[in-house]
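Derivation of every value follows stated rules applied to the coordinates shown; laboratory data play no part. Source: prediction; values computed, not measured. Here the Cβ is made from the backbone with ideal geometry for all residues, glycine too, and neighbour counts use every protein chain on show.
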Amino acid sequence: MAKIYTMGELIVEIMRIENDKPLNETALFSGPFPSGAPAIFISAAAQLGNKTKIWGGVGRDKFGEVILNRLKRDGVDVSGVIVSESGVTGSAIVAYTSGGDREFIFNLDGTASGRVRFTETPDIPDYFHVMGCSLMVNDEMKDGIERATRYFSDNGAKISFDPNIRPSLLGKRGIMDVAGGVLSRCSVFLPGRDELLMFAEGKSDTQDAAAFLFDRFDKLEVIHVKYGKKGSETITRSGSTPIPVYPIEKARPIVDPTGAGDSFDAAFISALAAGKTLKEAGGLAAKAGAINSAAFGPMEGDIKNDIYRELV
């Protein structure tokens, strides 16, 4: 059993029931669903049999209960979560278009979900996973995650990092100003194609961008690039391997892409920690992402029961 830990925002998500209903119009919502990229990731990692833990914050309210109850159900250690008496649990309001695009309104900074507290511990994980969106919430969370990243890296943990860029959270800040400290200690980098190019200072080709980052960051071992419906690709210093998308649409419709990338990350890191090859890890990750996207709600895919069962 591997130990996989993370840190970041714990929120609820309230979602449009129908597509093409923008957030400036009156229409129906569903929720609250437990959410937050770190929460989705660690839930999936726990369902895959790892020892898991998350640091974060929620308010002492019903939304906080939604998140903590789900994480406890999945077997996540939530002893690092602050339950605040003086702040409410954060939220994300989400609408979809028929083409799969998403519109978000985040309520994070200034809520209990934007507060974290990391204390050094002798309990060192195999992997400490960072979501870039968490670095963008506020300075307190960024500083806490960077402190945890340094501590765990210095004590033998590998750092995995998904930049998970949210333009509304990033604002006018440069991406390296926000994420450079984590990337400098990262072993496994899990960007989308456009995110990879953002980090590569003007490179327009995936392979050139990967080579640029390998040259700049000596701890970097694996870059796994996500191409959405076109699959993904594992790139190392010695070569690359394409990973096809898992064709779940033959068995189930895709209803909600939110959380697919976070579930992908969890399966990929879990597989690496279990000694799987990069190709095997990529295949399991593609399946986990597909399972989650076939369920309505950001972390409602039945990862635990479906990941090793053939669906298509």
Margin query: When a/c reaches 1.5 or more, the comparison of a/b and b/c decides; with that in mind, is the range 159-236 rounded, prolate or oblate per its Cα gyration tensor?
Written below: rounded
Notebook entry, point to check: In the structure shown, do any of Lys203/Lys226; Lys3/Lys276; Lys142/Lys226; Lys62/Lys304; Lys51/Lys304; Lys230/Lys279 have a Cα-Cα gap over 22 Å, and if so which?
Noted result: Lys142/Lys226; Lys62/Lys304
Check: Would you list Ile291, Ile269, Ile175 from fewest to most Cβ contacts within 10 Å?
Finding: Ile175, Ile291, Ile269
Item checked: Protection proxy ranking of 229-239, 107-117 - average other beta-carbon atoms within 10 Å, highest first -> 107-117, 229-239
Notebook entry, point to check: Ranked highest first by the average count of other Cβ atoms within 10 Å around their residues, in what order do 4-16, 192-204 fall?
Noted result: 4-16, 192-204
Item checked: For the range 199-216, 3J(HN,Hα) per residue [Karplus equation, 6.51 cos²θ - 1.76 cosθ + 1.60, θ = phi - 60°, Hz, x = Gly/Pro] -> 7, 9, 6, x, 5, 10, 10, 4, 5, 5, 5, 5, 4, 4, 6, 4, 5, 8
Next item on the list: Whole Å is fine, so just give me how far the alpha carbon centre of the range 69-131 lies from that of the range 137-186.
Entry: 15
Item checked: Histogram of C-alpha separations across the range 58-180, 10 Å bin width, % -> 11, 36, 39, 13, 1
Next item on the list: Per residue of the range 189-195, in order, report the coupling 6.51 cos²θ - 1.76 cosθ + 1.60 (Karplus, θ = phi - 60°) as ³J(HN,Hα) in whole Hz, putting x for Gly and Pro.
Entry: 10, 10, x, x, 4, 5, 5
Margin query: Give the aspartates and glutamates reachable from Lys250 as a straight Cα distance under 13 Å; neighbours fewer than 8 places away on the same chain don't count.
Written below: Glu310
Notebook entry, point to check: Using the C-alpha gyration tensor of the chain, what are the square roots of 5 times its eigenvalues, in whole angstrom, with the largest one first?
Noted result: 26, 23, 20
